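Structure first, then comments.
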Amino acid sequence: MREVRIGGSRFFVKIYEYDTWGSRLRDLAHRTGPWARSRAAAEFDALTWIRRHGLPAPEPILAGEARRCGFLVRAVLVTAAFAGEPVPAWLARLDPAERRALARAVGELVGRLHRLGFRDRNLDLRNLLARREVDGTWTVAKIDSPRHRLRAPGHVDRLLRADWDRLLPQLARFGVDAEARAAADASAPTARGGQAPGQSS
């Protein structure tokens with residue numbers, strides 16, 4: 001990834017290269033075949049969807065592809081910079097109370113994404129950016145979602161559970177996994193039977 005400054009604005013440029021036929025064939029079914037969407041295009045779509053639903057994410061500027069005989073050779077994604085740092089960097093230096101507050105903000109974002117039908121399938125802490133606002137609250141944004149899937153709003157499925165199964169152990173290293181999951185559940189409408197969406201019995 002490269003950072004580019006134009007005037008007073010910052011942009012990030014991600015370039016995916018498939019220089020050889022071997023590299024193209026390795027990801028043939030998912031990203032490089034004539035019928036497949038590139039990672040850059042999928043990430044562009046995810047950021048557009050997240051922002052369209054009123055949630056924080058970097059602004060996607062463009063996604064481009066170069067193909068040879070229909071096979072992907074190069075893909076490029078350009079996004080505006082999001083003012084924030086990766087969540088793990090914050091959690092490593094915050095005091096316990098602030099760490100819990102940030103974890104709750106992470107949980108609220110993940111809960112909202114899930115209730116809207118977004119399944120990330122790449123839900124790592126390093127792919128969450130956070131910034132502290134002047135009032136002391138946290139804004140958390142999602143980046144790098146090339147494997148995302150969309151489901152009906154309010155639906156609970158294995159992909160939703162898999163997102164949490166991937167994220168919670170990473171939060172547990174900082175001792176704040178329970179806070180994140182509780183925040184996601186607390187902000188959800190009560191489902192039939194008194195159980196919040198995403199909970200399992």
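The values are calculated or read from the model by the stated rules, or taken from the named source; none is laboratory data. In this text, all values refer to a predicted model and were calculated from it rather than measured experimentally. Neighbour counts run over all protein chains shown; Cβ positions are idealised from the backbone, glycine included. Please note that ligands, DNA and RNA were not included when accessible areas were found on the heavy atoms of the full protein model with its side chains. Shrake-Rupley method; radii C 1.70, N 1.55, O 1.52, S 1.80 Å.
Looking only at residues in region 176-190 that are of a type outside the set (D, E, K, R) and open to solvent by 50 Å² or more (accessible area, probe 1.4 Å), which one is farthest from ARG126 (Cα to Cα)?
THR190
Could you say which residue among GLU17, GLU108 is acidic (Asp, Glu), open to solvent by 80 Å² or more (accessible area, probe 1.4 Å) and in contact (Cβ under 8 Å) with a residue 60 or more places away in the chain?
GLU108
Within the set of pairs 6 or more residues apart or between chains, which connect a residue that is over 14 Å from PHE12 (Cα atoms) inside region 56-67 to a residue that is not hydrophobic (A, V, I, L, M, F, W, C) with Cβ atoms less than 8 Å apart?
Cβ pairs passing all conditions: PRO56/THR139; PRO56/LYS142; GLU65/SER38; GLU65/ARG74; ALA66/ARG74; ARG67/PRO34.
Cβ contacts < 8 Å: first residue on the phi < 0 side of the Ramachandran plot, restricted to region 86-97; second residue open to solvent by less than 60 Å² (accessible area, probe 1.4 Å) and in a strand (DSSP E or B), any location; separation 6+ or different chain. Result?
From region 86-97, the pairs are PRO86/LEU128; PRO86/LEU129; PRO86/ALA130; VAL87/LEU128; VAL87/LEU129; VAL87/ALA130; VAL87/VAL140; TRP90/ALA130.
Report, by residue number, each residue of region 111-128 that is open to solvent by 10 Å² or more (accessible area, probe 1.4 Å) and on the phi > 0 side of the Ramachandran plot.
Passing the criteria: only ARG121.
For region 50-87, what are the residues that are in a loop (DSSP other than H, G, I, E, B), under 18 Å from the mean Cα position of the chain (by Cα) and exposed (fewer than 15 other Cβ atoms within 10 Å of the Cβ)?
HIS53, GLY54, GLU59, ALA83
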